[in-house]
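Visitor: Right, I'll just put the structure down here and ask away after.
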Amino acid sequence: MKILAIEFSSDHRSVAVLGGGQLLAEQTVISGRETAAVALIESALGQAKVERSAIECIAVGIGPGSYTGIRAAIALTQGWQLAHGVKVLGIDSLEALAMGEQAAGRHGEITLAVDAQRGEFYLTKYELADDGIRNVEPTHLAKRPEYESLLAAGHPVIGPGLGDKFPAAEHVGRLAVGRSDFVEASELSPVYLRQIDFVKAPPLRKIPPV
């Protein structure tokens with residue numbers, strides 16, 4: 001299966017093309033919101049020598065991370081599915097980061113973190129082993145003291161903005177290989193763990209004529 005993988009959850013935005021479980025091409029930019037997304041995709045397809053029509057599945061990183069970037073990636077995926085009827089998968093961006101670390105030879109338990117702003121962090125833990133990765137603590141929203149206590153205790157903590165560790169489209173695509181739990185692109189949404197706290201506006205009042 002030819003897979004187009006899109007990972008825009010951090011300032012390091014990347015697109016990859018995979019075929020038969022092998023990486024055919026990957027393009028990465030660090031321009032954040034200035035990313036020319038369509039041009040980046042076309043560049044990766046050109047490098048892989050794969051036509052748009054040959055893409056059978058799009059795997060898109062859904063965060064947690066840059067809400068703007070993730071929404072842009074989801075919008076691209078939705079448009080592609082409408083136009084070409086491709087299969088779609090939403091992939092956890094931190095799981096992709098964990099896979100990338102394991103593939104680079106890292107082992108043991110590791111905490112992955114993303115700055116969620118407002119003095120909060122998305123945190124999750126993975127066990128990295130020779131035979132794969134295992135999530136040992138689901139992603140949750142933590143206050144700064146919890147994050148700082150991990151650092152103070154010497155636990156390995158990595159993530160976007162914490163050094164040079166970023167999720168990559170290659171690993172988003174690899175996590176999609178062999179899966180069949182495809183979804184409608186319209187059902188995709190960014191990982192967002194905060195409670196929705198907006199207040200719905202009351203209905204307009206009818207003001208009688210003077």
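Here, each number is a calculation from the coordinates, and none is a lab measurement. The shown structure was predicted, so the numbers you read here are calculated from the model rather than taken from an experiment. As a convention, Cβ positions derive from the backbone with ideal geometry for all residues, glycine included, and neighbour counts pool all protein chains shown.
Matching residues to (1) within 24 Å of Asp115 (Cβ to Cβ); (2) part of a helix (DSSP H, G or I):
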| position | (1), (2) |
| --- | --- |
| Glu42 | no, yes |
| Val50 | no, no |
| Gly65 | yes, no |
| Gly69 | yes, yes |
| Met99 | yes, yes |
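Visitor: Right, next: Kindly list, by first and then second residue, each pair from a residue in segment 44-65 that is farther than 16 Å from Gln78 by Cβ to a residue that is acidic (Asp, Glu) and not in a loop (DSSP other than H, G, I, E, B), limited to pairs with Cβ atoms under 7 Å and residues at least 6 apart or on different chains.
Guide: Ala44/Glu26
Visitor: Just checking, which of Leu89, Leu4, Leu23 is surrounded by fewer than 19 Cβ atoms within 10 Å (Cβ to Cβ) and in a strand (DSSP E or B)? Give the derivation first.
Guide: Details: Leu89 fails: surrounded by fewer than 19 Cβ atoms within 10 Å (Cβ to Cβ); Leu4 fails: surrounded by fewer than 19 Cβ atoms within 10 Å (Cβ to Cβ).
Only one candidate qualifies: Leu23.
Visitor: Among the residues in segment 102-110, are any buried (at least 20 other Cβ atoms within 10 Å of the Cβ) and under 30 Å from Lys2 (Cα atoms)? Walk me through it before giving the result.
Guide: Quick first cut of segment 102-110, residues buried (at least 20 other Cβ atoms within 10 Å of the Cβ) only: 102, 110.
Next cut, under 30 Å from Lys2 (Cα atoms) only: 102.
Yes, segment 102-110 contains at least one residue that is buried (at least 20 other Cβ atoms within 10 Å of the Cβ) and under 30 Å from Lys2 (Cα atoms).
Visitor: Sticking with this structure for a sec: Would you call Ile133 farther than 15 Å from Ser9 by Cα and crowded, with 23+ Cβ neighbours inside 10 Å? Step through it out loud before you land on a result.
Guide: Numbers: farther than 15 Å from Ser9 by Cα: yes; crowded, with 23+ Cβ neighbours inside 10 Å: no.
So Ile133 does not fit the description; no.
Visitor: Search segment 151-160 for residues being in a loop (DSSP other than H, G, I, E, B) and exposed (fewer than 13 other Cβ atoms within 10 Å of the Cβ), and hand back the single one that is nearest to the chain's Cα centre (by Cα).
Guide: As a first pass, look at segment 151-160 and keep what is in a loop (DSSP other than H, G, I, E, B): 153-156, 160.
The next check asks that each one be exposed (fewer than 13 other Cβ atoms within 10 Å of the Cβ); those that pass are 153-155.
On the way: Ala153: 28, Gly154: 27, His155: 24 Å.
So, considering only residues that are in a loop (DSSP other than H, G, I, E, B) and exposed (fewer than 13 other Cβ atoms within 10 Å of the Cβ), the one nearest to the chain's Cα centre (by Cα) is His155.
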